[in-house]
1. Just want to confirm a number: the relative contact order over chain A, from Cα pairs under 8 angstrom separated by 6+ residues, in percent.
2. Quick check on chain A: of the DSSP beta bridges with both residues there, what percent are antiparallel, nearest 5%?
3. Can you list the trypsin sites (Lys or Arg not before Pro) in region A:146-184 that are in a DSSP coil and have 13 or fewer other beta carbons within 10 angstrom?
4. With +1 on each Lys and Arg Cβ and -1 on each Asp and Glu Cβ, and nothing else charged, work out how big the dipole of region A:416-589 is about its Cα centre, in Debye to the nearest 20.
5. For A:Leu145, project a label point 7 Å along Cα to C-beta. Then give me every residue of region A:207-228 with its amide nitrogen under 13 Å of that point.
6. Measuring from label point to label point, each 7 Å out along Cα→Cβ, what is the A:Glu727 to B:Ala46 span in nm?
7. Please report, to two decimal places, log10 I(q)/I(0) for region A:292-423 at q = 0.15 Å⁻¹ as given by the Debye formula with identical point scatterers on the Cα atoms and no solvent.
8. By what distance, in whole Å, do the Cα atoms of region A:12-85 stretch along each of the three principal axes, largest value first?
Amino acid sequence: MASAVGAPARRLVTCSIDGRPVTVPEGTTIWEAARQLGIEIPVLCHDPRLRPVGVCRVCVVDVGERVLAAACVRGVADGMKVTTTSEGIERCRKTLTELLLSDYPRESRREATLGDDELLALARRYGIDREAIPLPRGDGRREDLSSPVIAVDHAACILCDRCIRACDEVQHNDVIGRTGKGYGARIAFDLDVPMGESTCVSCGECAAVCPTGALTHKSLGVAIHPRAELRAVDSVCPYCGVGCAVTYYVDLSKNAIAFADGRPSPGNDSRLCVKGRYGFDYAFHPQRLAKPLIRRGEYYPKGPLSGDVRGEGRGARGRKPGGVVDSEEVLPAFREASWDEALDLVARRFLEIRATHGPDALAGFGSAKCSNEEAYVFQKLLRAVFGTNNGDHCTRLCHASSVAALLETIGSGAVTNVYGDVRNADVVLVAGSNTTDNHPVAATFIKDAAARGTKLLVVDSRETGIARHAHHFLRIAPGSDVALYNAWMHVLIEEDLIDHEFVRERTEGFDALKEVARRYPPELAEGICGVPAGRIREVARIFGRARAALIFWGMGISQHTHGTDNARCLISLALLSGSVGRPGTGLHPLRGQNNVQGASDAGLIPMVYPDYQSVEDPAVQRQFEEAWGVALNPKRGLTVVEIMEGALRKTVRGMYILGENPFLSDPNINKVRKALASLDFLVVQDIFLTETAEFADVILPATSFFEKTGTYTNTDRRVQIGRQALEPPGDARLDWTIVCEIARRMGYRMEYRDAEEIFDELTSLAPSYAGLTYRSLEPYGKLWPCPDPETGDGIQILFDDAFPTPSGRAKFVPAEYQPAAELPDDEYPFVLNTGRLLEHWHTGTMTRRARALHAIQPSAFCEMNPEDLEHLGIEPGDLVTLRSRRGSITLRVQASPRTAPGAVFVPFHFREAAANALTNDRLDPYGKIPELKFCAVRVEKALADERLEHASGPS
Amino acid sequence: MRDWHPAVAAAEPSQKAERDPAAPLFGGVYRERFERILGRYPTKRAALLPVLHLAQEVRGWLAPETMTRVAELLDLTPAQVRAVASFYTMFNLKPVGSYLVQVCTNIACDLCGAGKVLERFLSETGTEPGAISADGRYTVVETECLGACGFATAVLINDRFYESVTPENVPALLAELP
């Protein structure tokens, strides 16, 4: 846990428990104090992570008063003498157990799965024969099996309220309550609707804390057994940048994961979201690639193989609804090969291209889903063996602009503080981040702070889940961020709400900022943002008066042609208010993928070697030439979208794509399709046949997250170990061994014993990682930089006295408002906004093969404001065709006031209606990030027979 | 004059609920009453009970969408509103007729023939307990003690209180409802 900075030390009190003295801070409960002595007091309604309520009374103890006291709520006092067990106390506990058991169902789902039903454990302890209890039985309460992941058995519920507190106070989803009274009292979801129809987000926290068989995890295809019968593997979650610590329970006989528990890491405090808790089964999906594949001769010249990816709509086979690449349609184009044949072919073709067209005709996309070690060896292959810096990954599509702005202003691209420190902030700004969907567990910390009094300001064009918790939500016009924040700064300067000392001592360039901000009075911003000037002033003042303000942002800021300008404004705002380098302050661009921070740290970006050391700096180049024993290319490489353009222009001819799916993730699919098809040679290394793999010459079967050990760096800069839990299928190989084999066959020795040896090489070349070792990363990882890995957790708050810039000061870089690259007009009157859903991740390759996630969110849809739909004469649920200047997609429309009038929101996970068929590939000039959050589209009601038309070319 | 207790004269006139679910929950005069209620409490959530009563007065019952709206107005979650509304029997969680007839059948009233009074209400309105009569006017239910044991049988029709009700005066009592 991050240290609770500023919390006053509590007075200590001494009491005795069962005759043993114990000294604890005042306010500690008897139950907690006893636990510190190793005395377990039985309890049903309490869990150390929950606020104690004392409703089950099983934990009663004798404190020398007239009646027994509930240990879970009663605080210890000086001189108190506590007896935790006696004949009288045990009789009380036994009676309570009998009462609860009298109406308990014969079969407990918890006992039948995890085997840890706490009520039945008490029954065994007190030797209670359920059948012998002389009490009337109720007529039973119903089951609710409507949720795809959680089974509800109301008959097994003892109304301990653990689930209600877990839902309301741990996850802040506020779904579970109580309904009725007397015997009819039960837990209820929302307005007592079935769980599967409620607003439940399936985080599973309730099932994790439930002591009985009332709320239990459903099996995801592999039977759940008691923990002791399964192999526990401490690892991390493979999905978002929060990087929750997880224990996976593996059924070795089936080589599959049965279930997952959160671990008490500082980053997640045992919490998980639906993806982390229920989204692991993609790894043992039958479509996993298990053999190297080589494209058959008759499938040249190359092109997409399936109707979907060709974009011609319904193929002769008719497409299946939903889901994933149709293997039967694509696989005939490939033949199985041995690893030797496949690797020799890859090495030979890359060597030929390099010899004929030069090293910069080769390029590679690595992946933010792979480990630091894999990112490191991959960029080393590109630089030391291919001889090019043309290596990038999806960071380019995510926070490239944020990093560009951060490097320029404060000299470092990483977060300056961890998200958990929001507990010490008195104001938090969440800008352009759908935190509850995209970083659900980080969002729980923000929601928690907001519930405890931190003022939460949310700025977004869409009313996202986090906005519901906001004290002030500003819905701004899409792409108007610069105008809004300039106006905030205008107000702060005008009303003298700035931190003069910080600005004077720690920054430079204030005059230039002042000059620009002067030109953005709130009245001007009102016209651009659509937020009344009075509201702008009001919220700016709240920010300006904060003692400690923390700023989070997401893709709503970064994915614009002015993404760097957006981030510059947020940084200026932080500098102006002195909100960097202290507890409760900081700049935190929430990283999207589990290892987007680490892959960037490891040098998988075209301008820098590991740890952001410029490829254009001769001294750095010499250092890496020495380390790697080869001459290196001093020219900075191409970025993601530039590589695709290079492929179209034939300047890039050979590509190695490891674990990315640019066909769906990159903007303007119709262009990407042509680019991928025009490559002379493409190697795709992945765990499934992706849309991108249809263009490959060679497909190499890789290992999934669960089949390998490696380190991953989360959005907080926390480096954690993901441990191998499963054996890879068939002939699939570890990603780094494949990369090393290709290097060897191209004439460069790259040999490592294991991932740990690669990590040691990385840390020797990346000063920020210096000192970290696998041993020191146990059990919950370390934040980089970490000056004392043996004892410390790493540095949580960066830049408390200087910035890593030449002058040691941070620089204000003012930005002028400029509209998006493609504005709506008469022909294309709506603004398209793309984004993610809680249940899915990136291009859906993994999540659409996870049965629970697929069951909850099976198909593509777009979201529009009900007013717009009414105006267009379209009913919610109708099929609509969205057209942009680049392509069109057909999908169902949902009505939601969360999306503003004039806007269309499309999740980009769905291949059958790929949002990126529409998006604009225009780039931010600094971060080279495309404008995925803004383009102009037209909305038409689709005819019934148009329903199967997908991702077709420009109209 | 009828032979029930004169306290009736002091009670508010029977309120016929507005049943237009499309109308704003608290418009016009209700808006003012809503604001007045909020003004009496330190926090919005504290006003939940009186606001639910007001909502029921407007709508006749607490439909899911009504509870959702109340949750929005008071910064509560739907689950919290439902928890409170389902605890108190005075809140109707399903639709009722324009007139909700609640007949006390606790011990005192029961001894004085509340069962017959109940039967008479049911036969006069042609309904089953808890159901809505065909013309939509009546719902007849049994209720717990209304605190008028000295004047059994006690009956509550919407907000109006009737005492010493006998099977014989049920038709007149119903006929008098507007």
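1. 14
2. Antiparallel: roughly 60 percent of the beta bridges in chain A.
3. A:Lys181
4. Using Cβ point charges on Lys, Arg, Asp and Glu, region A:416-589 gives about 400 debye.
5. A:218-219
6. Between A:Glu727 and B:Ala46, the simple spin-label model gives 6.6 nm.
7. -1.04
8. Principal axes ranked by extent give 27, 26, 19 Å for the Cα atoms.
The values are calculated or read from the model by the stated rules, or taken from the named source; none is laboratory data. These numbers were taken from a predicted model, which means no experiment stands behind them. Cβ: placed from backbone, ideal geometry, glycine included. Neighbour counts: every protein chain shown. Each accessible area value is taken on the protein alone, full model and side chains, heavy atoms only, with ligands, DNA and RNA left out. Shrake-Rupley method; radii C 1.70, N 1.55, O 1.52, S 1.80 Å.
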